[in-house]
Amino acid sequence: MSESNAQATTRPDQRPEWHALAKHRDELAGTHLRDLFDRDPERAGRYTLQVGDLHLDWSKHLVTDETLRLLRELAAATGVFELRDAMFRGDRINITENRAVLHTALRAPQSATVEVDGENVVPGVHAVLYKMTQFADRVRSGEWTGHTGKRIRNVVNIGIGGSDLGPAMAYEVLRSYTDRDLTVRFVSNVDGADLHEAVRDLDPAETLFVIASKTFTTIETITNATSARQWLLARLGAGEDAVAKHFVALSTNAEKVAEFGIDTQNMFEFWDWVGGRYSYDSAIGLSLMLAIGPDRFREMLAGFHLVDEHFRTAPPEHNAPLLMGLLGIWYGNFHDAQSHAVLPYSHYLSRFTAYLQQLDMESNGKSVDRDGNPVAWQTGPVVWGTPGTNGQHAYYQLIHQGTKLIPADFIGFARPIAELGPFAGQHDLLMANFFAQTQALAFGKTPEEVRAEGVSEELVPHKTFRGNHPTTTILASELTPSVLGQLIALYEHKVFVQGAVWNIDSFDQWGVELGKVLAKRVEPALTEGADVAGLDASTSALVSKYRTLRGR
Ligand code: F6P
């Protein structure tokens, strides 16, 4: 095979399946969702899937059976299934870091075998889970005390990115399952305000710091952890020996943990085959386990595993992450959609979309393919969204009547959580909005319908809703730890599918490095006025202005 042919085979946009989709898109142009439903009375029933507790409805998408078939053919042609099997098998599919990608092993049952370099990693996973369980039980029961013998009542998780977003999000999601007598806070920002607000009203004698960092070199985390240690020792009036009772580490780097001064006995380990943004099922979930307890944590892992197995074994026609990934490709690559909204109708999911931003955008925000060639096709979308109904009174106007195509996922629950008590009655109103929005987005309101309401002719265009805005509805009966696991795994594998079709490495994140290096270089210019080589004219002028404003 000639070199140019070899390259052509790895370019999705050069494949016949891609061209077939482009042609099909042109043929479908002008088709409205109203037409698709009129043509197929079974559509609402046919375009649904049940995965575990999740009911998925994709009938309100601008697709036909033919679209779905062509998308599946693209997936097959681009090797999605082979790469999926390679991931589950433990092959080193993170090629730029030469690492296996095995977050699925973190939720595999004890009886499973997953090998990396000939070694089964599952026993190690369960050994750490066991150690976490024992520790969580000791803290939650009051057996583990602080340096002065007081019971731990506060947990402060210090980490950033994947060492923060997962547990912080899940803590919010599962608040009603948490021990309400335990205060759990998450500090990530290197802005001292974050740490200040987290600890200002805490008694250090009752506070446990969980330092979460895969590398244990991340500047934000090490800075916050160092400040936290100073705060604790100063407030307790204690020596270094107090650290052992108030600091634990979650990391892959025992050497750096010891260097920081945390006894490696108090370290909960994970491994380089766990990507940061895929890590909250690992030791990184310790703060969450402290909050919800080991049993609930394991229920969550079981939810993840359920969807892993679905993704691994379900036929393409009924494979939910595959479908979600392909729908994203349909809009991003064939309709030029630039973003994807995730709109949960649950207050508890307030940080869910922020979590998905790292998962999706750090994974698929790439512009070279796996061979290092620039890509000529759109890759990961901008992911955004906040819980309904707040968004309805903010940015939904743009989705309904703006000029952009914004596919959206709507996530809702049939039952409010039990704890809501007298406020549970509001749930039907919340969900009425949930259903109404996807209806309005899909079907809109025609000029004829507007006129029929007696609207004056000059206002008809303003009050018309074009509709045809695609949405996926994900409905579950209740927000439980298992359902959360199912949801996250669904999105993890959706991101995987897209990365595979685009032929990019979804598991590295070189794009965050340059800013880190430059920040280190710029800092002495701010503090000491040092001359920084290579500072451009604009940044240099801004640094001078900053120093003047700081009175330096
Ligand atoms: O943002 C870059 C990143 O490397 C993420 O991928 C990671 O989740 C985060 O930094 C934190 O890294 P660490 O856990 O090593 O402190």
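For the criterion of being over 23 Å from Ser482 (Cα atoms) and under 23 Å from the mean Cα position of the chain (by Cα), Thr221 passes. Within the stretch 340-353, can you find the residues that are open to solvent by 30 Å² or more (accessible area, probe 1.4 Å) and in a loop (DSSP other than H, G, I, E, B)? Correct list: Ser350, Arg351.
Can you tell me which residue within the stretch 374-390, out of those that are surrounded by 21 or more Cβ atoms within 10 Å (Cβ to Cβ) and within 21 Å of Leu430 (Cα to Cα), is modelled with the highest pLDDT?
Of all residues in the stretch 374-390, those surrounded by 21 or more Cβ atoms within 10 Å (Cβ to Cβ) come to 379-381, 383, 385, 388.
Retained after the next criterion (residues that are within 21 Å of Leu430 (Cα to Cα)): 385, 388.
Working: Gly385: 98, Gly388: 87.
It comes out as Gly385.
Taking residues in the stretch 354-368 that are farther than 16 Å from Gly332 by Cβ, and partners anywhere that are among the aromatic types (Phe, Trp, Tyr) and away from the ligand (no atom under 13 Å from the Cβ), the pairs with Cβ atoms closer than 7 Å and at least 6 places apart or on different chains are Leu359/Tyr491. Taking the criterion of being farther than 30 Å from Val116 by Cβ and of a type in the set (A, V, I, L, M), the residues of the stretch 55-88 that qualify are Leu56, Leu62, Val63, Leu68, Leu70, Leu71, Leu74.
If only residues of the stretch 354-373 that are among the small types (Gly, Ala, Ser) and within 16 Å of the ligand (Cβ to nearest atom) are counted, the one that is surrounded by the most Cβ atoms within 10 Å (Cβ to Cβ) is Ser363.
Residues being in a helix (DSSP H, G or I) and under 30 Å from Pro481 (Cβ atoms): count how many of those fall in the stretch 397-426. Lay out the reasoning, then the answer.
So in the stretch 397-426, the residues in a helix (DSSP H, G or I) come out as 397-401, 418-426.
Now restrict to residues that are under 30 Å from Pro481 (Cβ atoms): 418-426.
Here the count works out to 9.
Which of the residues spanning the stretch 236-255 are among the small types (Gly, Ala, Ser), within 16 Å of the ligand (Cβ to nearest atom) and open to solvent by 40 Å² or more (accessible area, probe 1.4 Å)? Before the answer, list the steps.
Here is the first cut: in the stretch 236-255, the residues among the small types (Gly, Ala, Ser) are 237-239, 242, 244, 249, 251, 254.
With within 16 Å of the ligand (Cβ to nearest atom) added as a condition, the list becomes 249, 251, 254.
Result: Ala254, single match.
Listed here are the helices (runs of 4 or more DSSP H) enclosed by the stretch 441-552 that have at least 1 residues being over 30 Å from Gln378 (Cβ atoms), in contact with a Lys or Arg (Cβ under 8 Å, 6 or more places away or on another chain) and open to solvent by less than 70 Å² (accessible area, probe 1.4 Å): 447-452, 460-463, 481-502, 513-527.
Going by what's in this entry, would Ala100 be described as among the small types (Gly, Ala, Ser) and surrounded by 13 or more Cβ atoms within 10 Å (Cβ to Cβ)? Quick ask: steps written out before the conclusion?
Values: among the small types (Gly, Ala, Ser): yes; surrounded by 13 or more Cβ atoms within 10 Å (Cβ to Cβ): yes.
Judged against the criteria, Ala100 is a match.
Answer with yes or no whether Leu28 is touching a Ser or Thr at 6+ places or on another chain (Cβ under 8 Å) and closer than 30 Å to Ala302 by Cβ.
no
Condition check ((1) among the aliphatic types (A, V, I, L, M); (2) farther than 22 Å from Arg25 by Cα) across all residues:
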position	(1), (2)
Asn319	no, yes
Leu322	yes, no
Gly325	no, no
His347	no, yes
Ser350	no, yes
Leu356	yes, yes
Met361	yes, yes
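Within the stretch 206-235, track down each residue that is within 25 Å of Gly142 (Cβ to Cβ) and open to solvent by 10 Å² or more (accessible area, probe 1.4 Å). Answer for the stretch 206-235, where residues must be within 25 Å of Gly142 (Cβ to Cβ) and open to solvent by 10 Å² or more (accessible area, probe 1.4 Å): Glu206, Arg229, Trp231, Leu233, Arg235.
A search for C-beta distances below 6 Å between a residue of the stretch 197-215 that is more than 16 Å from the ligand (Cβ to nearest atom) and any residue that is assigned to a strand (DSSP E or B), counting only pairs 6+ apart in sequence or on different chains, returns Ala198/Val156; Ala198/Arg185; Ala198/Val187; Leu202/Asn154; Glu206/Asn154; Thr207/Asn154; Leu208/Val155. Tell me, please, whether a residue that is aliphatic (A, V, I, L, M), under 30 Å from Tyr331 (Cβ atoms), outside any helix (DSSP H, G or I) and modelled with pLDDT of 95 or more can be found in the stretch 105-112. The answer is no; no qualifying residue exists.
Would you say Phe304 is in a strand (DSSP E or B) and of a type in the set (A, V, I, L, M, F, W, C)? For Phe304, the condition - in a strand (DSSP E or B) and of a type in the set (A, V, I, L, M, F, W, C) - is not met.
The values are calculated or read from the model by the stated rules, or taken from the named source; none is laboratory data. Note that the structure is a prediction, hence the values are computed from the model and not measured. For neighbour counting, all protein chains shown are included, and Cβ atoms are generated from backbone atoms with ideal geometry for every residue, glycine included. Ligands, DNA and RNA are stripped out before the accessible areas are found, and what is left, the full protein with its side chains, is counted by its heavy atoms. Shrake-Rupley method; radii C 1.70, N 1.55, O 1.52, S 1.80 Å.
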